[in-house]
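What follows is a set of notes on a single structure, which appears directly below.
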Amino acid sequence: MLGASAVGKTSLVKRFVEGIFSERYLTTVGVKIDKKSVRVGERSLDLVLWDLNGEDRFQKLSMSYVRGAAGYLLVVDGTRRETLDTAMVLHHKVRAVLGETPFVMVFNKADLEEEWVFSDEDLRMQAARGWTVLKTSAKTGTGVDEVFMQLSARLLELE
Amino acid sequence: MKRTMSSARLQPPALPQSLPALLDVAVLEAGNGAFRLLGKAPRWLRTLWPEAAAAEALHPESAFSYLAYFMEEARAVWAGEDGEMLRSDPWTELDREGHEWTLQATAMRLEGRRLLLISFPMTDFETVRRLLQEARNQGLQHHRLLKEIDKREVLLHCIVHDLSTPLAGIKGSLTLLRDDGQVRPEGEGLVRIGLNQVEKMQRLIREILATFSAEVQPLLPTLVSRDDAPDLLRALQDVAASMRPVAMLKDVRLRVAADPGGTWKVAAETTRLERVLFNLVENALRHTRPGTEILLRLEEVDGCVRVSVEDEGEGVPEELAPSLFEKFATGGPRPGKAGLGLYFCRLTVEDWGGMIGYEPRPEGGARFWFRLPRPSAGAGDVS
(Lines give C-alpha, C1' and ligand atoms only; values in the text may rest on other atoms or scores of the structure.)
Protein backbone atom coordinates (compact mmCIF):
# COMPACT_ATOMS: atom_id res chain seq x y z
CA MET A 1 0.00 0.00 0.00
CA LEU A 2 1.75 3.11 -1.21
CA GLY A 3 0.67 6.74 -1.12
CA ALA A 4 0.81 10.06 0.68
CA SER A 5 -0.18 10.22 4.32
CA ALA A 6 -3.89 10.16 5.17
CA VAL A 7 -5.03 8.96 1.75
CA GLY A 8 -6.70 5.95 3.38
CA LYS A 9 -4.23 3.07 2.96
CA THR A 10 -4.90 1.60 6.40
CA SER A 11 -8.64 2.13 5.95
CA LEU A 12 -8.61 0.26 2.64
CA VAL A 13 -6.79 -2.69 4.21
CA LYS A 14 -9.13 -2.74 7.21
CA ARG A 15 -12.16 -2.59 4.94
CA PHE A 16 -10.84 -5.38 2.74
CA VAL A 17 -9.55 -7.69 5.49
CA GLU A 18 -12.00 -7.06 8.30
CA GLY A 19 -14.89 -5.32 6.52
CA ILE A 20 -14.81 -2.41 8.94
CA PHE A 21 -14.15 1.31 8.79
CA SER A 22 -13.31 3.85 11.46
CA GLU A 23 -12.69 7.60 11.29
CA ARG A 24 -10.26 7.18 14.15
CA TYR A 25 -7.40 5.16 12.68
CA LEU A 26 -4.06 6.35 13.93
CA THR A 27 -1.35 7.25 11.50
CA THR A 28 0.85 4.32 10.51
CA VAL A 29 4.40 4.47 11.75
CA GLY A 30 6.68 1.99 10.02
CA VAL A 31 4.78 -1.00 8.65
CA LYS A 32 1.51 -2.74 9.39
CA ILE A 33 1.17 -6.26 8.13
CA ASP A 34 -2.09 -7.99 7.37
CA LYS A 35 -3.05 -11.17 5.60
CA LYS A 36 -5.99 -12.36 3.60
CA SER A 37 -6.65 -15.32 1.34
CA VAL A 38 -8.64 -14.66 -1.81
CA ARG A 39 -10.07 -16.83 -4.52
CA VAL A 40 -9.69 -15.79 -8.11
CA GLY A 41 -11.69 -18.17 -10.24
CA GLU A 42 -10.56 -21.62 -9.29
CA ARG A 43 -7.36 -20.48 -7.71
CA SER A 44 -6.57 -19.15 -4.29
CA LEU A 45 -3.95 -16.67 -3.30
CA ASP A 46 -2.56 -15.70 0.10
CA LEU A 47 -2.05 -11.96 0.18
CA VAL A 48 0.37 -10.48 2.69
CA LEU A 49 -0.48 -6.80 2.75
CA TRP A 50 2.23 -4.38 3.76
CA ASP A 51 0.61 -1.14 4.78
CA LEU A 52 3.51 1.30 4.72
CA ASN A 53 3.68 4.66 6.42
CA GLY A 54 2.51 7.54 4.29
CA GLU A 55 4.98 9.68 2.46
CA ASP A 56 5.01 13.30 3.56
CA ARG A 57 7.31 15.94 4.97
CA PHE A 58 7.38 14.17 8.33
CA GLN A 59 8.16 10.64 7.23
CA LYS A 60 9.80 9.22 4.14
CA LEU A 61 9.02 5.82 2.81
CA SER A 62 11.91 3.40 2.99
CA MET A 63 12.31 1.96 -0.50
CA SER A 64 13.94 -1.12 0.97
CA TYR A 65 10.46 -2.23 2.07
CA VAL A 66 9.24 -2.58 -1.48
CA ARG A 67 11.90 -5.13 -2.34
CA GLY A 68 10.19 -8.46 -2.79
CA ALA A 69 6.74 -6.98 -3.37
CA ALA A 70 4.75 -8.89 -5.97
CA GLY A 71 2.49 -5.94 -6.66
CA TYR A 72 1.24 -2.73 -5.14
CA LEU A 73 -1.65 -0.35 -4.79
CA LEU A 74 -0.93 3.29 -5.46
CA VAL A 75 -3.44 5.23 -3.37
CA VAL A 76 -4.55 8.81 -4.09
CA ASP A 77 -6.96 10.94 -2.04
CA GLY A 78 -9.57 12.27 -4.48
CA THR A 79 -9.94 15.43 -2.43
CA ARG A 80 -6.24 16.41 -2.46
CA ARG A 81 -4.45 17.06 -5.72
CA GLU A 82 -0.97 16.87 -4.24
CA THR A 83 -1.52 13.23 -3.28
CA LEU A 84 -1.48 12.35 -6.98
CA ASP A 85 1.93 14.00 -7.29
CA THR A 86 3.18 11.95 -4.33
CA ALA A 87 1.76 8.79 -5.87
CA MET A 88 3.52 9.48 -9.16
CA VAL A 89 6.85 10.06 -7.43
CA LEU A 90 6.45 6.84 -5.44
CA HIS A 91 5.49 4.96 -8.56
CA HIS A 92 8.69 5.98 -10.30
CA LYS A 93 10.80 5.14 -7.27
CA VAL A 94 9.20 1.72 -6.94
CA ARG A 95 9.67 0.95 -10.61
CA ALA A 96 13.35 1.79 -10.23
CA VAL A 97 13.57 -0.91 -7.54
CA LEU A 98 11.12 -3.53 -8.83
CA GLY A 99 10.95 -2.92 -12.55
CA GLU A 100 7.64 -3.70 -14.24
CA THR A 101 5.36 -4.92 -11.46
CA PRO A 102 1.58 -5.18 -11.37
CA PHE A 103 -0.15 -2.30 -9.63
CA VAL A 104 -3.51 -0.62 -9.44
CA MET A 105 -4.03 3.12 -9.05
CA VAL A 106 -6.74 3.82 -6.50
CA PHE A 107 -8.59 7.12 -6.08
CA ASN A 108 -9.99 6.79 -2.59
CA LYS A 109 -12.64 8.77 -0.65
CA ALA A 110 -15.34 8.41 -3.29
CA ASP A 111 -17.86 9.11 -0.53
CA LEU A 112 -16.60 12.71 -0.56
CA GLU A 113 -16.97 13.07 -4.31
CA GLU A 114 -18.52 16.55 -4.05
CA GLU A 115 -15.15 17.68 -2.64
CA TRP A 116 -13.09 15.92 -5.30
CA VAL A 117 -10.50 17.86 -7.21
CA PHE A 118 -10.28 15.20 -9.92
CA SER A 119 -12.79 14.73 -12.71
CA ASP A 120 -13.59 11.48 -14.46
CA GLU A 121 -11.55 12.88 -17.33
CA ASP A 122 -8.51 13.10 -15.01
CA LEU A 123 -8.97 9.43 -14.13
CA ARG A 124 -9.35 8.49 -17.79
CA MET A 125 -6.08 10.28 -18.51
CA GLN A 126 -4.31 8.05 -16.00
CA ALA A 127 -6.01 4.98 -17.41
CA ALA A 128 -4.94 6.01 -20.91
CA ARG A 129 -1.38 5.05 -19.93
CA GLY A 130 -2.60 1.47 -19.78
CA TRP A 131 -2.97 1.56 -16.01
CA THR A 132 -5.84 0.11 -14.04
CA VAL A 133 -7.47 3.07 -12.28
CA LEU A 134 -10.35 2.59 -9.86
CA LYS A 135 -12.43 4.68 -7.49
CA THR A 136 -12.94 3.44 -3.95
CA SER A 137 -14.45 4.44 -0.68
CA ALA A 138 -13.03 2.70 2.35
CA LYS A 139 -15.86 4.31 4.28
CA THR A 140 -18.71 2.78 2.29
CA GLY A 141 -16.74 -0.14 0.89
CA THR A 142 -17.38 0.89 -2.71
CA GLY A 143 -14.82 -0.60 -5.08
CA VAL A 144 -12.53 -1.90 -2.31
CA ASP A 145 -12.84 -5.64 -2.98
CA GLU A 146 -12.60 -5.00 -6.71
CA VAL A 147 -9.24 -3.26 -6.29
CA PHE A 148 -7.66 -6.14 -4.41
CA MET A 149 -9.26 -8.72 -6.68
CA GLN A 150 -8.01 -6.97 -9.80
CA LEU A 151 -4.50 -6.84 -8.41
CA SER A 152 -4.73 -10.51 -7.37
CA ALA A 153 -5.88 -11.49 -10.85
CA ARG A 154 -2.96 -9.68 -12.41
CA LEU A 155 -0.53 -11.37 -10.02
CA LEU A 156 -1.89 -14.76 -11.02
CA GLU A 157 -1.67 -13.89 -14.71
CA LEU A 158 2.06 -13.49 -14.29
CA GLU A 159 2.56 -16.96 -12.88
CA MET B 1 53.04 -9.50 34.86
CA LYS B 2 50.09 -10.57 32.79
CA ARG B 3 47.47 -12.10 34.98
CA THR B 4 45.46 -15.03 33.65
CA MET B 5 42.36 -16.60 35.07
CA SER B 6 41.20 -20.13 34.77
CA SER B 7 38.40 -20.82 32.34
CA ALA B 8 36.26 -21.96 35.26
CA ARG B 9 36.62 -18.56 36.89
CA LEU B 10 36.03 -16.75 33.53
CA GLN B 11 32.71 -18.46 32.94
CA PRO B 12 30.02 -16.13 34.32
CA PRO B 13 26.99 -17.67 35.93
CA ALA B 14 24.23 -18.33 33.41
CA LEU B 15 21.56 -15.62 33.25
CA PRO B 16 18.24 -16.54 34.81
CA GLN B 17 15.99 -18.25 32.27
CA SER B 18 13.11 -15.95 33.12
CA LEU B 19 15.03 -12.71 32.53
CA PRO B 20 14.03 -12.23 28.85
CA ALA B 21 10.39 -12.88 29.71
CA LEU B 22 10.54 -10.37 32.55
CA LEU B 23 12.01 -7.81 30.18
CA ASP B 24 9.40 -8.66 27.50
CA VAL B 25 12.15 -9.53 25.05
CA ALA B 26 12.30 -12.64 22.89
CA VAL B 27 15.95 -13.64 22.46
CA LEU B 28 16.61 -15.99 19.53
CA GLU B 29 19.92 -17.41 18.45
CA ALA B 30 20.63 -18.33 14.86
CA GLY B 31 21.91 -21.84 14.32
CA ASN B 32 22.20 -23.95 11.22
CA GLY B 33 19.20 -22.89 9.16
CA ALA B 34 16.95 -22.21 12.14
CA PHE B 35 16.71 -20.26 15.39
CA ARG B 36 16.26 -21.40 18.96
CA LEU B 37 14.71 -19.45 21.78
CA LEU B 38 16.99 -18.55 24.67
CA GLY B 39 15.30 -18.38 28.03
CA LYS B 40 11.62 -18.27 28.69
CA ALA B 41 9.25 -16.82 26.07
CA PRO B 42 7.61 -13.54 27.07
CA ARG B 43 3.83 -13.56 27.30
CA TRP B 44 3.26 -11.52 24.13
CA LEU B 45 5.33 -14.02 22.13
CA ARG B 46 3.20 -16.89 23.41
CA THR B 47 0.15 -14.97 22.15
CA LEU B 48 1.50 -14.07 18.75
CA TRP B 49 3.59 -17.17 18.11
CA PRO B 50 2.51 -19.99 20.44
CA GLU B 51 4.79 -22.55 18.74
CA ALA B 52 7.90 -20.60 19.74
CA ALA B 53 7.85 -21.85 23.33
CA ALA B 54 7.79 -25.52 22.35
CA ALA B 55 9.56 -25.97 19.01
CA GLU B 56 13.32 -26.57 18.81
CA ALA B 57 13.90 -25.19 15.33
CA LEU B 58 12.23 -21.86 14.81
CA HIS B 59 11.74 -19.77 11.70
CA PRO B 60 10.69 -16.32 12.97
CA GLU B 61 10.26 -14.97 9.45
CA SER B 62 7.40 -17.40 8.93
CA ALA B 63 5.66 -16.06 12.03
CA PHE B 64 6.43 -12.41 11.36
CA SER B 65 6.41 -11.51 7.69
CA TYR B 66 8.27 -8.32 8.41
CA LEU B 67 11.30 -10.31 9.53
CA ALA B 68 11.69 -11.87 6.10
CA TYR B 69 12.65 -8.39 4.97
CA PHE B 70 14.71 -7.60 8.06
CA MET B 71 16.70 -10.87 7.97
CA GLU B 72 18.31 -9.89 4.68
CA GLU B 73 19.86 -6.84 6.29
CA ALA B 74 20.53 -8.68 9.56
CA ARG B 75 22.70 -11.27 7.80
CA ALA B 76 25.30 -8.61 7.09
CA VAL B 77 25.45 -7.84 10.83
CA TRP B 78 25.74 -11.50 11.82
CA ALA B 79 28.54 -11.98 9.31
CA GLY B 80 30.37 -8.93 10.60
CA GLU B 81 32.39 -7.97 13.67
CA ASP B 82 31.44 -8.74 17.24
CA GLY B 83 29.30 -6.03 18.81
CA GLU B 84 27.64 -4.94 15.58
CA MET B 85 23.95 -4.22 15.88
CA LEU B 86 21.03 -3.33 13.63
CA ARG B 87 17.62 -2.18 14.82
CA SER B 88 14.53 -2.37 12.64
CA ASP B 89 11.74 0.16 12.27
CA PRO B 90 8.68 -0.56 14.36
CA TRP B 91 6.17 -2.81 12.67
CA THR B 92 2.69 -3.84 13.64
CA GLU B 93 1.27 -7.36 13.70
CA LEU B 94 -2.24 -8.53 14.44
CA ASP B 95 -3.01 -11.41 16.77
CA ARG B 96 -5.85 -13.82 16.15
CA GLU B 97 -8.30 -11.55 17.97
CA GLY B 98 -7.31 -8.64 15.73
CA HIS B 99 -5.35 -6.76 18.41
CA GLU B 100 -2.39 -4.78 17.18
CA TRP B 101 1.09 -5.45 18.53
CA THR B 102 3.84 -3.06 17.55
CA LEU B 103 7.26 -4.69 17.68
CA GLN B 104 10.85 -3.94 16.90
CA ALA B 105 13.70 -6.31 16.06
CA THR B 106 17.38 -6.02 16.82
CA ALA B 107 20.06 -8.15 15.14
CA MET B 108 23.42 -8.38 16.87
CA ARG B 109 26.58 -10.39 16.91
CA LEU B 110 27.84 -11.03 20.42
CA GLU B 111 30.81 -13.21 21.36
CA GLY B 112 30.46 -14.91 18.01
CA ARG B 113 26.80 -15.69 18.57
CA ARG B 114 24.17 -14.45 16.14
CA LEU B 115 21.27 -13.06 18.08
CA LEU B 116 17.86 -11.77 17.12
CA LEU B 117 15.96 -9.83 19.77
CA ILE B 118 12.28 -9.03 19.34
CA SER B 119 10.65 -6.60 21.73
CA PHE B 120 8.32 -3.68 22.00
CA PRO B 121 9.79 -0.55 20.38
CA MET B 122 12.80 0.86 22.17
CA THR B 123 11.87 4.38 21.13
CA ASP B 124 8.85 6.08 22.63
CA PHE B 125 6.68 4.80 19.84
CA GLU B 126 3.41 6.22 21.12
CA THR B 127 4.92 9.69 21.56
CA VAL B 128 6.31 9.60 18.04
CA ARG B 129 3.00 8.42 16.67
CA ARG B 130 1.04 11.04 18.60
CA LEU B 131 3.29 13.82 17.30
CA LEU B 132 3.01 12.54 13.75
CA GLN B 133 -0.74 12.24 14.10
CA GLU B 134 -1.00 15.80 15.37
CA ALA B 135 1.26 17.17 12.65
CA ARG B 136 -0.69 15.36 9.96
CA ASN B 137 -4.04 16.44 11.36
CA GLN B 138 -2.86 20.01 11.34
CA GLY B 139 -1.65 19.55 7.77
CA LEU B 140 -5.10 18.31 6.76
CA GLN B 141 -6.76 21.17 8.61
CA HIS B 142 -4.49 23.62 6.82
CA HIS B 143 -5.47 22.03 3.54
CA ARG B 144 -9.17 22.37 4.39
CA LEU B 145 -8.71 26.05 5.26
CA LEU B 146 -6.96 26.70 1.97
CA LYS B 147 -9.88 25.10 0.19
CA GLU B 148 -12.30 27.33 2.10
CA ILE B 149 -10.31 30.37 1.02
CA ASP B 150 -10.42 29.13 -2.56
CA LYS B 151 -14.19 28.76 -2.32
CA ARG B 152 -14.44 32.32 -1.04
CA GLU B 153 -12.39 33.55 -3.97
CA VAL B 154 -14.80 31.79 -6.28
CA LEU B 155 -17.70 33.38 -4.46
CA LEU B 156 -16.17 36.82 -4.85
CA HIS B 157 -15.59 36.12 -8.51
CA CYS B 158 -19.24 35.20 -8.90
CA ILE B 159 -20.38 38.32 -7.08
CA VAL B 160 -18.26 40.60 -9.19
CA HIS B 161 -18.99 39.05 -12.56
CA ASP B 162 -22.32 37.34 -12.24
CA LEU B 163 -24.10 39.97 -10.17
CA SER B 164 -22.40 43.27 -10.90
CA THR B 165 -22.57 43.04 -14.67
CA PRO B 166 -26.31 42.43 -15.01
CA LEU B 167 -26.98 44.97 -12.25
CA ALA B 168 -25.11 47.60 -14.23
CA GLY B 169 -27.23 46.71 -17.25
CA ILE B 170 -30.47 47.01 -15.28
CA LYS B 171 -29.37 50.33 -13.81
CA GLY B 172 -28.44 51.66 -17.24
CA SER B 173 -31.78 50.65 -18.71
CA LEU B 174 -33.78 52.15 -15.87
CA THR B 175 -31.78 55.37 -16.02
CA LEU B 176 -32.42 55.66 -19.77
CA LEU B 177 -36.13 55.08 -19.24
CA ARG B 178 -36.21 57.76 -16.55
CA ASP B 179 -34.12 60.32 -18.44
CA ASP B 180 -35.77 59.88 -21.84
CA GLY B 181 -39.16 60.74 -20.39
CA GLN B 182 -40.68 57.61 -21.92
CA VAL B 183 -42.26 56.53 -18.67
CA ARG B 184 -45.76 57.58 -17.82
CA PRO B 185 -46.06 59.60 -14.62
CA GLU B 186 -47.60 56.66 -12.76
CA GLY B 187 -44.62 54.49 -13.75
CA GLU B 188 -41.96 56.91 -12.59
CA GLY B 189 -42.32 55.79 -9.00
CA LEU B 190 -41.74 52.20 -10.03
CA VAL B 191 -38.60 53.13 -11.98
CA ARG B 192 -37.33 55.04 -8.97
CA ILE B 193 -37.93 52.03 -6.73
CA GLY B 194 -36.12 49.84 -9.23
CA LEU B 195 -33.13 52.19 -9.32
CA ASN B 196 -33.04 52.36 -5.52
CA GLN B 197 -33.04 48.59 -5.28
CA VAL B 198 -30.23 48.31 -7.82
CA GLU B 199 -28.14 50.83 -5.92
CA LYS B 200 -28.82 48.95 -2.69
CA MET B 201 -27.59 45.74 -4.30
CA GLN B 202 -24.49 47.50 -5.61
CA ARG B 203 -23.72 48.87 -2.13
CA LEU B 204 -24.08 45.39 -0.69
CA ILE B 205 -21.66 43.98 -3.25
CA ARG B 206 -19.16 46.74 -2.49
CA GLU B 207 -19.52 45.99 1.20
CA ILE B 208 -18.84 42.30 0.71
CA LEU B 209 -15.88 42.97 -1.54
CA ALA B 210 -14.45 45.57 0.82
CA THR B 211 -14.78 43.18 3.75
CA PHE B 212 -13.16 40.16 2.21
CA SER B 213 -10.39 42.15 0.60
CA ALA B 214 -9.79 43.69 4.05
CA GLU B 215 -9.13 40.20 5.39
CA VAL B 216 -6.31 39.84 2.94
CA GLN B 217 -4.95 43.35 3.01
CA PRO B 218 -3.72 43.23 6.61
CA LEU B 219 -1.11 40.78 5.40
CA LEU B 220 0.34 43.52 3.26
CA PRO B 221 1.98 46.50 4.98
CA THR B 222 0.39 49.85 4.24
CA LEU B 223 3.11 52.45 3.84
CA VAL B 224 1.98 55.98 4.54
CA SER B 225 4.25 58.99 4.83
CA ARG B 226 3.32 61.85 7.09
CA ASP B 227 2.71 64.07 4.09
CA ASP B 228 0.38 61.55 2.48
CA ALA B 229 -1.55 60.76 5.68
CA PRO B 230 -5.23 61.71 5.38
CA ASP B 231 -6.79 64.51 7.40
CA LEU B 232 -9.62 62.93 9.37
CA LEU B 233 -11.59 66.19 9.64
CA ARG B 234 -11.53 66.66 5.91
CA ALA B 235 -12.53 63.01 5.32
CA LEU B 236 -15.35 63.38 7.81
CA GLN B 237 -16.58 66.58 6.16
CA ASP B 238 -16.45 64.94 2.72
CA VAL B 239 -18.43 61.92 3.88
CA ALA B 240 -20.94 64.12 5.70
CA ALA B 241 -21.39 66.26 2.59
CA SER B 242 -21.96 63.22 0.39
CA MET B 243 -24.53 61.79 2.79
CA ARG B 244 -26.37 64.99 3.60
CA PRO B 245 -29.00 64.53 0.80
CA VAL B 246 -29.92 61.11 2.17
CA ALA B 247 -30.01 62.52 5.68
CA MET B 248 -32.25 65.35 4.58
CA LEU B 249 -34.68 62.86 3.05
CA LYS B 250 -34.86 61.20 6.44
CA ASP B 251 -35.17 64.53 8.20
CA VAL B 252 -31.90 63.98 10.03
CA ARG B 253 -29.20 66.62 10.55
CA LEU B 254 -25.51 65.76 10.19
CA ARG B 255 -23.19 67.94 12.25
CA VAL B 256 -19.40 67.81 12.41
CA ALA B 257 -17.82 69.04 15.63
CA ALA B 258 -14.06 69.56 15.89
CA ASP B 259 -11.57 72.12 17.08
CA PRO B 260 -10.85 74.06 13.86
CA GLY B 261 -7.29 74.77 15.01
CA GLY B 262 -6.51 71.09 15.60
CA THR B 263 -4.46 68.82 13.38
CA TRP B 264 -6.24 65.63 12.45
CA LYS B 265 -3.80 63.68 10.33
CA VAL B 266 -3.93 59.95 11.05
CA ALA B 267 -1.99 56.87 10.05
CA ALA B 268 -4.45 55.47 7.53
CA GLU B 269 -5.29 55.25 3.86
CA THR B 270 -7.84 57.68 2.46
CA THR B 271 -10.15 55.40 0.49
CA ARG B 272 -10.60 52.85 3.24
CA LEU B 273 -10.87 55.56 5.89
CA GLU B 274 -13.75 57.17 4.01
CA ARG B 275 -15.33 53.74 3.71
CA VAL B 276 -15.13 53.27 7.49
CA LEU B 277 -16.68 56.70 8.08
CA PHE B 278 -19.35 56.04 5.46
CA ASN B 279 -20.30 52.75 7.13
CA LEU B 280 -20.59 54.32 10.57
CA VAL B 281 -22.65 57.30 9.36
CA GLU B 282 -24.88 55.06 7.26
CA ASN B 283 -25.37 52.81 10.28
CA ALA B 284 -26.41 55.82 12.39
CA LEU B 285 -28.77 57.06 9.67
CA ARG B 286 -30.50 53.70 9.54
CA HIS B 287 -31.11 53.59 13.26
CA THR B 288 -31.86 57.14 14.28
CA ARG B 289 -35.27 58.79 14.39
CA PRO B 290 -36.52 61.54 12.04
CA GLY B 291 -36.09 65.04 13.36
CA THR B 292 -32.90 64.18 15.26
CA GLU B 293 -29.23 64.95 14.82
CA ILE B 294 -26.22 62.77 14.13
CA LEU B 295 -23.12 64.25 15.68
CA LEU B 296 -19.74 63.48 14.12
CA ARG B 297 -17.21 64.46 16.73
CA LEU B 298 -13.42 64.65 16.47
CA GLU B 299 -11.20 64.89 19.51
CA GLU B 300 -7.71 64.11 20.66
CA VAL B 301 -7.43 61.29 23.20
CA ASP B 302 -4.12 59.98 24.56
CA GLY B 303 -2.17 61.25 21.55
CA CYS B 304 -4.59 59.58 19.12
CA VAL B 305 -7.44 61.00 17.09
CA ARG B 306 -10.82 59.75 18.12
CA VAL B 307 -13.94 59.93 15.96
CA SER B 308 -17.37 59.33 17.40
CA VAL B 309 -20.64 59.02 15.55
CA GLU B 310 -23.57 59.65 17.86
CA ASP B 311 -27.22 59.24 17.08
CA GLU B 312 -30.46 59.66 19.01
CA GLY B 313 -32.02 56.35 18.05
CA GLU B 314 -32.86 53.48 20.35
CA GLY B 315 -29.28 52.33 20.76
CA VAL B 316 -28.06 48.75 20.50
CA PRO B 317 -29.77 46.04 22.56
CA GLU B 318 -27.43 45.01 25.36
CA GLU B 319 -27.26 41.38 24.26
CA LEU B 320 -26.08 42.32 20.77
CA ALA B 321 -23.39 44.78 21.81
CA PRO B 322 -20.56 42.22 22.36
CA SER B 323 -20.86 40.82 18.83
CA LEU B 324 -21.47 44.09 16.94
CA PHE B 325 -18.13 44.00 15.17
CA GLU B 326 -18.19 40.31 14.35
CA LYS B 327 -18.74 38.95 10.87
CA PHE B 328 -22.42 38.63 9.86
CA ALA B 329 -23.63 40.38 13.02
CA THR B 330 -26.81 42.08 11.78
CA GLY B 331 -28.37 43.09 15.07
CA GLY B 332 -31.70 41.72 13.94
CA PRO B 333 -33.57 41.19 10.71
CA ARG B 334 -32.61 43.96 8.30
CA PRO B 335 -33.25 43.08 4.68
CA GLY B 336 -30.38 43.81 2.36
CA LYS B 337 -27.70 43.97 5.06
CA ALA B 338 -25.09 41.28 5.22
CA GLY B 339 -23.76 42.28 8.64
CA LEU B 340 -20.34 43.02 7.23
CA GLY B 341 -20.11 46.82 7.50
CA LEU B 342 -18.98 47.05 11.12
CA TYR B 343 -16.82 43.96 10.69
CA PHE B 344 -15.02 45.72 7.84
CA CYS B 345 -14.58 48.80 10.06
CA ARG B 346 -12.98 46.76 12.83
CA LEU B 347 -10.62 44.89 10.48
CA THR B 348 -9.52 48.13 8.86
CA VAL B 349 -9.09 50.20 12.02
CA GLU B 350 -7.20 47.41 13.79
CA ASP B 351 -5.07 46.99 10.69
CA TRP B 352 -3.89 50.57 11.20
CA GLY B 353 -3.14 50.02 14.88
CA GLY B 354 -6.33 51.66 16.07
CA MET B 355 -9.31 50.61 18.16
CA ILE B 356 -13.02 50.62 17.57
CA GLY B 357 -15.95 50.33 19.93
CA TYR B 358 -19.52 51.07 20.88
CA GLU B 359 -21.09 52.60 23.95
CA PRO B 360 -24.63 53.72 24.71
CA ARG B 361 -25.13 57.47 25.15
CA PRO B 362 -26.27 58.32 28.66
CA GLU B 363 -28.99 60.53 27.21
CA GLY B 364 -30.15 57.73 24.84
CA GLY B 365 -28.95 56.62 21.44
CA ALA B 366 -25.77 55.01 20.24
CA ARG B 367 -22.17 56.15 20.13
CA PHE B 368 -19.81 54.30 17.77
CA TRP B 369 -16.22 55.42 17.99
CA PHE B 370 -12.78 54.60 16.71
CA ARG B 371 -9.36 55.99 17.37
CA LEU B 372 -6.31 56.03 15.16
CA PRO B 373 -2.68 56.83 15.88
CA ARG B 374 -1.07 59.85 14.30
CA PRO B 375 1.44 59.19 11.52
CA SER B 376 5.07 59.04 12.50
CA ALA B 377 7.58 61.37 10.83
CA GLY B 378 8.66 60.23 7.38
CA ALA B 379 7.48 57.05 5.76
CA GLY B 380 6.24 54.41 8.14
CA ASP B 381 4.55 51.08 8.24
CA VAL B 382 1.16 51.57 9.80
CA SER B 383 0.01 47.96 9.52
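The values are calculated or read from the model by the stated rules, or taken from the named source; none is laboratory data. Please read all numbers here as calculations on a predicted model, not as lab measurements. Don't worry about glycine lacking a Cβ; one is built from the backbone with ideal geometry, like all the others, and counts go over all protein chains shown. SASA here: full protein model, heavy atoms, side chains in, ligands and nucleic acids out. Shrake-Rupley method; radii C 1.70, N 1.55, O 1.52, S 1.80 Å.
Give the average, rounded to an integer, of partner chain Cβ atoms located within 10 angstrom of each Cβ in B:125-137.
4
For the pairing of chain B with chain A, what total accessible surface becomes buried, with a 1.4 angstrom probe, in square angstrom to the nearest 100?
2300 Å²
Using a 1.4 angstrom probe, figure out how much accessible area chain A has per residue, in square angstrom, rounded to the nearest whole.
47 Å²
Given a 1.4 angstrom probe, what's the average accessible area per residue across region B:222-381, in square angstrom?
48 Å²
Testing the spin-label approximation: label points 7 Å from Cα along Cα→Cβ at residue B:54 and residue A:26. State their distance in nm.
Going from the residue B:54 label point to the residue A:26 one covers 3.3 nm.
For chain A, modelled as a Gaussian network with Cα springs under 10 Å, which listed residue fluctuates most, A:148, A:107, A:58?
Greatest mean-square fluctuation among the candidates belongs to A:58.
Can you tell me the order of B:179-190, A:111-122, B:304-315, A:24-35 when each peptide is scored by its average per-residue count of other Cβ atoms within 10 angstrom, highest first?
For the peptides B:179-190, A:111-122, B:304-315, A:24-35, the packing ranking is B:304-315, A:24-35, A:111-122, B:179-190.
In nm, what is the difference between 0.36 nm times the number of residues separating residue B:142 and residue B:163 and their Cα-Cα distance?
Working it through step by step, the gained length comes to 4.5 nm.
Can you figure out the FRET efficiency of residue A:158 with residue B:203, using R₀ = 56 Å and their beta-carbon distance, to the nearest 0.05?
Taking R0 as 56 Å, the efficiency between residue A:158 and residue B:203 is 0.20.
So how many Lys-Lys pairs in chain A land under 22 Å Cα to Cα, not counting same-chain pairs under 8 apart?
Counting lysine pairs in chain A gives 24.
Once you place label points 7 Å from the Cα toward the Cβ at residue B:186 and residue A:62, how far apart are they in nm?
Simple spin-label model gives 9.0 nm for this pair.
Threshold 20 Å², probe 1.4 Å: give the residues of region B:76-109, in number order, that are less accessible with all protein chains present than with their chain alone.
Listed in order, they are B:89, B:90, B:92, B:93, B:94, B:100.
Please work out the Cα center distance from region B:254-314 to region A:118-159, rounded to the nearest Å.
First find each Cα centre; the distance between them is then 65 Å.
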